[in-house]
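One structure is given here, and the rest of the page talks about it.
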């Protein structure tokens, strides 16, 4: 006899599937480099600060100008500058920081940082990279990295654990959280249709 799945069970099953797909997180470990994705809120830098402070990485690459277009007399501060200043405030030495200052979206975070990494280190000398960013953004970040970075890399996903960011066990509790998560799923589909991601 086939047991009927209730609407209640189906809801939780769907919610858990979405959560497990999007919200990737790995245990911290030693890496050659930590790449921090730019974002409107500055919490993305926090995993990188913890990695550096624990001796798990020697370099932090911050990528992203942001999606804003700066206008004359505008007080807009690029995302990379906000994240850099927080890293310096946390006692990260300036010579450990590498800046990518032009990216305006996730795709450019990875394509433009790839050029910088190759120029500074040579990809052949990089075996592992931590990616720090928003929790719900980790799947798209991983898939974009897999498309545009060398295939030999070990990628360690390091999402922000700050409670101001949507987290795996709370995103569904607010309308805003639901809208943002469903928007991220849509963005992944759009990236897939444009062949911007791999690993699916």
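Some notes on this structure:
- Verdict on residue 143 being touching a strand residue (DSSP E or B) at 6+ places or on another chain (Cβ under 6 Å) and crowded, with 17+ Cβ neighbours inside 10 Å: no
- Taken together, 62, 49 contain a single residue that is under 30 Å from residue 172 (Cβ atoms), touching a helix residue (DSSP H, G or I) at 6+ places or on another chain (Cβ under 9 Å) and at pLDDT 90 or above, which is 49.
- Of all residue pairs spaced 6 or more apart or on separate chains, those with beta-carbon atoms under 9 Å, a first member in region 72-92 that is more than 19 Å from residue 60 (Cβ to Cβ) and a second member that is modelled with pLDDT under 95 are 74/68; 76/66; 76/68; 76/69; 76/70.
- Test for residue 107: is it within 24 Å of residue 161 (Cβ to Cβ), touching a helix residue (DSSP H, G or I) at 6+ places or on another chain (Cβ under 9 Å) and modelled with pLDDT of 95 or more: no
- Number of the exception - residue 65 against (1) over 16 Å from the mean Cα position of the chain (by Cα); (2) over 23 Å from residue 24 (Cα atoms): (1)
- Under the condition of being surrounded by 15 or more Cβ atoms within 10 Å (Cβ to Cβ) and in a loop (DSSP other than H, G, I, E, B), the residues counted in region 27-57 number 7.
The values are calculated or read from the model by the stated rules, or taken from the named source; none is laboratory data. Note that the structure is predicted; figures quoted are calculated from it, not measured. We place every Cβ from the backbone using ideal geometry, glycine too, and count neighbours over all the protein chains shown.
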